[in-house]
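**Q** Let me give you the structure first, and then I'll get to my questions.
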Amino acid sequence: MKTVFMGTPEFAVPILETLMKNSEVVLVVTQPDKYVGRKKVLTFSPIKEKALEHHIPIFQPIKIREDYEEIKKYQPDLIVTCAYGQIVPQGVLDIPRLGCINVHASLLPKYRGGAPIQRAIMNGEEETGITIMYMDAGMDTGDMIEAVRVPITSEDNSQTLSDKLSVAGAELLARVLPQIFDGTSKREKQKEEEATYARIIKREDEHLEFTKKAVEVYNQVRALAPMPLANFLLNGEEVKVVEGYVGDATKKEAGTICDIKKDAIGIACSDHIYYVTKLKPFGKKEMSARDYLNGIHIDTIQNKKVE
């Protein structure tokens with residue numbers, strides 16, 4: 001079977017590897033190269049790196065909705081997408097005779113959209129999963145083929161959960177592909193009344209509000225780690241939070257630095273104290289709270305209000 005794969009981040013690499021083992025991948029479609037970091041280094045996507053490693057032709061349209069004739073030339077039987085990063089237009093969906101399928105990181109119809117992993121953690125979900133679905137013109141609205149559940153532990157952040165889901169997605173795809181190729185795969189309509197949406201993370205989503213419960217702050221920090229990281233303002237400068245934990249109950253004013261330990265900075269929330277154990281001060285590298293505290297005068301932050 002001739003297949004085309006469409007994907008971009010590291011999350012999609014195991015999916016591409018599974019597709020290569022089970023079909024002839026004739027083309028990889030991925031996002032254009034980007035300039036990364038302060039030095040503006042031109043960087044390939046992880047999927048492009050994998051395609052180059054295996055000498056698979058690569059196509060990088062700026063706007064797939066306007067530029068997809070290249071895909072037609074390869075006459076694929078099936079197109080598989082995973083975290084591609086652009087809405088796939090109807091013109092692409094109509095190309096392969098077996099249709100287009102998507103490997104999506106949620107239990108559809110929950111968490112449709114671009115940030116299902118982060119939103120699941122942020123909302124305190126105890127499980128999520130992978131759904132493989134036939135694609136239509138909507139955003140993750142097509143008929144479901146099969147799904148697998150993956151637990152979310154209290155220690156998971158977006159990276160660790162992404163890693164688990166990526167492996168689960170590759171294993172599920174390996175099971176589903178033979179059914180798709182021989183025409184025996186299931187098609188289950190999604191229940192629209194149960195649909196929720198996982199909008200992409202924006203700058204305002206990164207800011208911590210300590211008027212919330214401490215567990216909500218904890219979940220937000222985990223959801224945004226290791227990138228882009230949650231943040232607050234201290235003495236007018238942004239501090240990014242990498243890790244922390246929920247402590248004892250408090251009646252201190254929310255947002256107040258109310259307890260400083262050797263290795264943690266305690267900030268009052270609406271119910272409990274949230275302790276920051278790893279952080280990234282403005283203009284500096286990530287460091288432990290212990291190292292941070294060793295480099296400052298404690299009275300510059302004791303009882304201060306963060307914003």
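**Q** Quick check on this structure: which one of 80, 88 is among the aliphatic types (A, V, I, L, M), assigned by TED's automatic domain parsing to the domain that holds residue 165, within 21 Å of the chain's Cα centre (by Cα) and over 16 Å from residue 14 (Cβ atoms)?
**A** Checking each option against the conditions leaves just 88.
**Q** So, one more: May I ask you to verify whether residue 270 is among the polar types (S, T, N, Q) and either assigned by TED's automatic domain parsing to the domain that holds residue 155 or closer than 25 Å to residue 37 by Cα (or both)?
**A** So residue 270 fails the test.
**Q** Please enumerate the residues belonging to the stretch 221-237 that are farther than 16 Å from residue 268 by Cβ, buried (at least 16 other Cβ atoms within 10 Å of the Cβ) and not basic (Lys, Arg).
**A** 223, 224, 225, 229, 230, 231
**Q** I've got another one for you. Under 7 Å by Cβ, and 6 or more places apart or on different chains, what pairs join a residue from the stretch 45-72 that is without any contact (Cβ under 8 Å) to a residue 40 or more places away in the chain with one that is buried (at least 17 other Cβ atoms within 10 Å of the Cβ) and of a type in the set (Phe, Trp, Tyr)?
**A** 61/68
**Q** Residues that are within 20 Å of residue 105 (Cβ to Cβ), over 25 Å from the mean Cα position of the chain (by Cα) and in a helix (DSSP H, G or I): does the stretch 181-193 have at least one?
**A** Looking for residues that are within 20 Å of residue 105 (Cβ to Cβ), over 25 Å from the mean Cα position of the chain (by Cα) and in a helix (DSSP H, G or I), one finds none in the stretch 181-193, hence no.
**Q** In addition: Among what's in the stretch 220-242 and is touching a Ser or Thr at 6+ places or on another chain (Cβ under 9 Å) and not in a strand (DSSP E or B), pick the residue that is farthest from residue 123 (Cα to Cα).
**A** Looking at residues that are touching a Ser or Thr at 6+ places or on another chain (Cβ under 9 Å) and not in a strand (DSSP E or B), I get 235.
**Q** Scanning for something of a type outside the set (Phe, Trp, Tyr) and in contact with a Gly (Cβ under 6 Å, 6 or more places away or on another chain), does the stretch 200-207 turn up at least one residue?
**A** yes
**Q** Next question. Of the conditions (1) surrounded by 14 or more Cβ atoms within 10 Å (Cβ to Cβ); (2) more than 30 Å from residue 220 (Cα to Cα), residue 46 fails just one. Which one is it?
**A** In the conditions (1) surrounded by 14 or more Cβ atoms within 10 Å (Cβ to Cβ); (2) more than 30 Å from residue 220 (Cα to Cα), residue 46 misses (2) alone.
**Q** Working only within the stretch 19-41, note down all residues that are closer than 24 Å to residue 68 by Cβ and either acidic (Asp, Glu) or assigned to a strand (DSSP E or B) (or both).
**A** Residues satisfying the conditions are 24, 25, 26, 27, 28, 29, 33, 34.
**Q** Which residue, of 209, 216, 194, is within 26 Å of residue 127 (Cα to Cα) and either buried (at least 20 other Cβ atoms within 10 Å of the Cβ) or hydroxyl-bearing (Ser, Thr, Tyr) (or both)?
**A** Residue meeting the stated conditions: 216.
**Q** Under the condition of being in contact with a strand residue (DSSP E or B) (Cβ under 7 Å, 6 or more places away or on another chain) and of a type in the set (D, E, K, R), which residue from the stretch 53-94 is surrounded by the most Cβ atoms within 10 Å (Cβ to Cβ)?
**A** 77
**Q** Could you please find all residues in the stretch 273-295 being surrounded by fewer than 19 Cβ atoms within 10 Å (Cβ to Cβ), in contact (Cβ under 8 Å) with a residue 24 or more places away in the chain and either among the hydroxyl-bearing types (Ser, Thr, Tyr) or in a strand (DSSP E or B) (or both)?
**A** 277, 280, 281, 288
**Q** Considering only the stretch 6-28, I want to know if a residue exists there that is farther than 19 Å from residue 171 by Cβ, of a type in the set (Lys, Arg) and at pLDDT 95 or above.
**A** So far as the stretch 6-28 goes, no, none of its residues is farther than 19 Å from residue 171 by Cβ, of a type in the set (Lys, Arg) and at pLDDT 95 or above.
This table checks each residue for (1) farther than 28 Å from residue 161 by Cβ; (2) touching a Pro at 6+ places or on another chain (Cβ under 8 Å); (3) modelled with pLDDT under 95.
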residue	(1), (2), (3)
231	no, no, no
236	yes, no, yes
239	no, yes, no
242	no, yes, no
247	no, no, no
250	yes, no, no
263	no, no, no
266	no, no, no
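**Q** May I ask you to say which residue of 73, 50, 2, 34 is within 19 Å of the chain's Cα centre (by Cα) and among the basic types (Lys, Arg)?
**A** On inspection, the qualifying residue turns out to be 34.
The values are calculated or read from the model by the stated rules, or taken from the named source; none is laboratory data. Keep in mind the model is a prediction, meaning the values are calculated, not measured. Heads up, the Cβs are rebuilt from the backbone with ideal geometry, glycines too, and the neighbour counts pull from every protein chain shown.
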